[in-house]
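Chemist: Quick one: structure below, then a few questions.
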Amino acid sequence: MRIFPALIVAGVIGGAASVAMAETNGPYIGAEAGLNIAPKVSFSDSAKTWRDTQKAGYAILGQLGYGFGQTRLEGEIGWRANDINKVTAVTTGSGSGSLDAVSIMANLYYDFPTGSALVPYLGVGIGGVDVNGNSIRLGSTTFTNDDQMVFGYQGIAGVSYALNDCLSLKADYRYLRTTEASMKEDPSWGTNSGKGAYAAHSLMLGFTYKFGVEKPMVVPVAAPAPVEPPKPVAAPIAKNFMVFFDFDKTAITADAAKIIMAAAEQAKTSKATAIHLTGHTDAAGTAPYNQALSLHRAEAVKAALVKLGIPAAEISVVGKGKGEQLVQTKDGVREPQNRRVQIVLE
């Protein structure tokens, strides 16, 4: 069993201002180009063997994918080309021709969140690779001018750097390998088919462009209707209060305690007959977990009001989970203003 080559993570350093890391949600396209190194390949039939040594070549890739947060599914088409350097058969000498590969792959990626514009990623892929021995020659002997589509697989490691919400630069290393390709031999060499496995190490630079990126929308709060003269009107009595919580917490903060105290005093002054508490969470986490968390937050506020002298029987609690956001965000986004309990006096 061959040892899988070590994966090299390349860094991209930009001079632009730092951009907060955003998960990939929705469709995207990408393209890459770079250096392709194809190791020696031995092609053997039942009686004879020839070995190709390739010069450093190039690789060009195009991608179309869809992101699901930290994971991505992607279709990729690639072209790798390496001219022949030497050929070893009965003798060894300077060869000609090229060893090329056209790949059609399905890739799966995982993006590692860092909270910054720099995002490392790992990926694997499987698909078909058309290995082409393009007029491989040594002197007057042509070994093959044939190609065959075979199964291929690859490993990927790299980093991307977000220039803005849509466009990212990326650098990665790829190791591609195939099962044995059968190349029909030229009559000047033999009448059989030589079999050999293709492999390539690729160092790539490119970009990714995401489509349909939307920024969170802040829901405007309607201004109260103006009070018309002529008679001066007393200031309206506050009946709505809102307290906020830390991420994934139910503990009452110092600021929240002051607001709860003000709500309790107002309830006593206005002789409120009922107090309704509605708990909410942000969009991070599962729906069942957030439903329970929102209810626990409402219960925490109720306990604080009871300590301030409000009868427990006058307080109702309900949890809304992450379903009714104050600031509209995509699923998985941590938004402080959505982690809240609304207090309504009646």
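The values are calculated or read from the model by the stated rules, or taken from the named source; none is laboratory data. These numbers were taken from a predicted model, which means no experiment stands behind them. Cβ atoms come from the backbone with ideal geometry, glycine included; neighbour counts cover every protein chain shown.
Chemist: Would you mention how many residues in the range 269-282 are more than 18 Å from Val318 (Cα to Cα) and either part of a helix (DSSP H, G or I) or of a type in the set (A, V, I, L, M, F, W, C) (or both)?
Modeler: Total satisfying the criteria: 2.
Chemist: While we're here: Starting from residues that are in contact with a helix residue (DSSP H, G or I) (Cβ under 9 Å, 6 or more places away or on another chain) and in contact (Cβ under 8 Å) with a residue 60 or more places away in the chain, keep the ones in the range 269-282 and report whichever is surrounded by the fewest Cβ atoms within 10 Å (Cβ to Cβ).
Modeler: Residue satisfying both the conditions and the ranking: Thr273.
Chemist: Counting residues that are modelled with pLDDT under 95 and buried (at least 16 other Cβ atoms within 10 Å of the Cβ), which strands (runs of 3 or more DSSP E) fully inside the range 1-115 reach at least 2? Step through it out loud before you land on a result.
Modeler: Numbers: elements: 24-37, 41-44, 49-54, 57-69, 71-88, 92-111.
Qualifying strands (runs of 3 or more DSSP E): 24-37, 41-44, 49-54, 71-88, 92-111.
Chemist: In this structure, does Lys302 turn out to be within 44 Å of the chain's Cα centre (by Cα), of a type in the set (D, E, K, R) and more than 22 Å from Gln325 (Cβ to Cβ)?
Modeler: yes
Chemist: Which one is surrounded by the fewest Cβ atoms within 10 Å (Cβ to Cβ), of the residues in the range 120-163 that are β-branched (Val, Ile, Thr) and modelled with pLDDT of 95 or more?
Modeler: Selected residue: Ile126.
Chemist: Under the condition of being farther than 20 Å from Lys268 by Cβ and surrounded by fewer than 20 Cβ atoms within 10 Å (Cβ to Cβ), which residue from the range 314-324 is farthest from the chain's Cα centre (by Cα)?
Modeler: So the first thing to find is which residues in the range 314-324 are farther than 20 Å from Lys268 by Cβ, and the list is 318-324.
Right, trim to surrounded by fewer than 20 Cβ atoms within 10 Å (Cβ to Cβ) and you get 318, 320, 323-324.
Numbers: Val318: 35, Lys320: 29, Gly323: 24, Glu324: 26 Å.
If we take residues in the range 314-324 being farther than 20 Å from Lys268 by Cβ and surrounded by fewer than 20 Cβ atoms within 10 Å (Cβ to Cβ), then Val318 is farthest from the chain's Cα centre (by Cα).
Chemist: Among the residues of the range 192-205, is there at least one that is within 19 Å of Leu73 (Cα to Cα), among the charged types (D, E, K, R) and either in contact with a Leu (Cβ under 6 Å, 6 or more places away or on another chain) or assigned to a strand (DSSP E or B) (or both)?
Modeler: no
Residues checked against (1) free of Cβ contacts under 8 Å to residues at least 40 places away in the same chain; (2) part of a strand (DSSP E or B); (3) surrounded by fewer than 18 Cβ atoms within 10 Å (Cβ to Cβ); (4) among the β-branched types (Val, Ile, Thr):
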| residue | (1), (2), (3), (4) |
| --- | --- |
| Phe241 | no, yes, no, no |
| Ala251 | no, no, yes, no |
| Ala257 | no, no, yes, no |
| Ala264 | no, no, no, no |
| Ala267 | no, no, no, no |
| Ala284 | no, no, no, no |
| Ala292 | yes, no, yes, no |
| Ala298 | no, no, no, no |
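Chemist: Quick one: Tyr110 ticks every box in (1) touching a Leu at 6+ places or on another chain (Cβ under 6 Å); (2) closer than 22 Å to Arg51 by Cα except a single one, so which number is it?
Modeler: (2)
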